[in-house]
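The structure under discussion appears below in the form of structure tokens.
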Amino acid sequence: MGSIGLEITGGVALLTVDAPEVRNALTPAMGRELAAACEAVDADRSVGAAVVRGANGTFCSGADRRTWNPGADQAEDAAFRDTGAVYGAFRRVGTLAVPTIAAVRGAAVGAGLNLVLATDLRVVARDARLLAGFLRIGLHPGGGFFTIASRSAGREATAAMGLFGEEIDGTRAAELGLAWRAVDDAEVEDTALALAAVPARDPDLAREAVRSFRTETGPPGLPWDAAVEFERATQMWSQRRRASREDNR
């Protein structure tokens with residue numbers, strides 16, 4: 001019932017959500033597999049960036065409701081753990097040791113939108129469909145949606161999507177700050193991979209830089225004076241490292 005693909009090429013890890021019969025909807029087993037793939041990426045020091053995508057031209061249609069029994073006790077141990085496996089996968093992507101990009105084609109709905117928002121940067125198709133959709137099916141948002149949406153799009157857009165069920169396309173997502181770039185559908189993955197190739201040239205530096213980025217920007221973010229001091233030691237490390245490399249040429 002679906003799988004997570006992992007390919008590593010040129011220092012870039014490509015994570016693929018693949019469940020074509022349900023438009024790449026996530027099961028708890030896939031959540032656990034995605035978390036395990038993230039562990040593998042972190043353990044491979046040759047990796048300097050990661051791209052998350054969906055197979056067959058769509059990103060992720062949410063949680064696979066074939067595995068969900070709404071009448072069951074959701075606080076029962078097995079059900080609670082299964083929900084946690086899906087939510088934990090978003091968080092695990094968000095804590096990857098390398099800079100991350102979501103390459104969004106087709107639809108990103110509910111849990112799929114949370115997975116998009118877990119990344120550091122997003123490249124979207126102009127005609128992509130982004131929809132929280134929780135209230136439309138009688139559910140309270142989950143997976144930390146309000147937090148991860150508001151840190152990119154702000155309060156107004158988060159309210160529109162999370163409280164009022166508004167759907168946006170890729171062009172609007174870029175206008176709102178939910179995506180870095182909106183491009184033609186056929187260009188999404190190549191654009192994301194080209195961006196990822198830049199930090200992937202120097203994986204050690206990329207890992208240090210993204211650690212600083214997430215710490216400083218939060219939430220909560222650091223005040224400017226603290227950020228200056230926080231960055232200083234790592235910048236000195238990078239300067240010494242750069243000088244040493246030049247001396248060895």
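Quick look at the values:
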{"quantity": "CD proxy at 222 nm, helix term only [per DSSP H run n ≥ 4: -39500 (n - 2.57); per residue of the chain; nearest 500]", "calculated": "-15500 deg cm²/dmol"}
{"quantity": "Formal net charge of residues neighbouring Leu15 (Cβ-Cβ distance under 9 Å; K, R +1; D, E -1)", "calculated": "0"}
{"quantity": "For the stretch 196-211, Karplus couplings with θ = phi - 60° (6.51, -1.76, 1.60), whole Hz, Gly/Pro x", "calculated": "5, 5, 5, x, 5, 5, 9, x, 5, 5, 4, 5, 5, 5, 6, 4"}
{"quantity": "With Cα atoms, 0 to 90° folded angle of helix 77-94 axis to the chain main axis", "calculated": "40"}
{"quantity": "Among Arg81, Arg53, Arg23, residue whose mean-square fluctuation peaks in a GNM of the chain (springs only between Cα atoms under 10 Å)", "calculated": "Arg81"}
{"quantity": "Radius 14 Å from Cβ of Thr191, net charge of other residues (Lys, Arg +1; Asp, Glu -1)", "calculated": "0"}
{"quantity": "Three-way shape call for the chain based on the alpha-carbon gyration tensor, with the a/c threshold at 1.5", "calculated": "prolate"}
{"quantity": "Cα coordinate range in the stretch 1-143, projected on the principal axes (Å, largest first)", "calculated": "47, 36, 24"}
{"quantity": "Residues of the chain: accessible area per residue with a 1.4 Å probe, Å²", "calculated": "51"}
{"quantity": "Given charges at Cβ of Lys, Arg, Asp, Glu: the stretch 155-229 dipole, positive-most of Pro223, Ala192, Trp180", "calculated": "Pro223"}
{"quantity": "Of every Cα-Cα pair in the stretch 1-58, the percent that sits beyond 17 Å", "calculated": "35"}
{"quantity": "For the stretch 102-249, alpha-carbon Rg relative to the globular expectation (2.2 N^0.38 Å, N residues)", "calculated": "1.24"}
{"quantity": "Within the stretch 208-226: backbone nitrogen closer than 14 Å to the Gln239 label point (7 Å, Cα to C-beta)", "calculated": "none"}
{"quantity": "Amide hydrogen neighbours beyond the local backbone of Gly54, cut-off 5 Å, H modeled", "calculated": "Val17, Arg105"}
{"quantity": "Sulfur and carbon atoms: percent of accessible area, the chain [1.4 Å]", "calculated": "53"}
{"quantity": "Counted charge near Met161, where neighbours are those whose Cβ lies closer than 13 Å (Asp, Glu -1; Lys, Arg +1)", "calculated": "0"}
{"quantity": "Cleavage-rule hits (chymotrypsin sites (Phe, Trp or Tyr not before Pro)) in the stretch 162-249: DSSP loop, at most 15 neighbouring Cβ within 10 angstrom", "calculated": "Phe164"}
{"quantity": "Inter-site label distance for Ile8 and Leu135 at 7 Å from Cα along Cβ, in nm", "calculated": "4.4"}
{"quantity": "Rounded to the nearest 20 debye, dipole of the chain from Cβ charges on Lys, Arg, Asp, Glu", "calculated": "320"}
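The values are calculated or read from the model by the stated rules, or taken from the named source; none is laboratory data. Everything numeric in this text was worked out from a predicted model, so none of it was measured. Cβ atoms come from the backbone with ideal geometry, glycine included; neighbour counts cover every protein chain shown. Heads up: the accessible areas ignore ligands, DNA and RNA and are worked out on the full protein's heavy atoms, side chains in. Shrake-Rupley method; radii C 1.70, N 1.55, O 1.52, S 1.80 Å.
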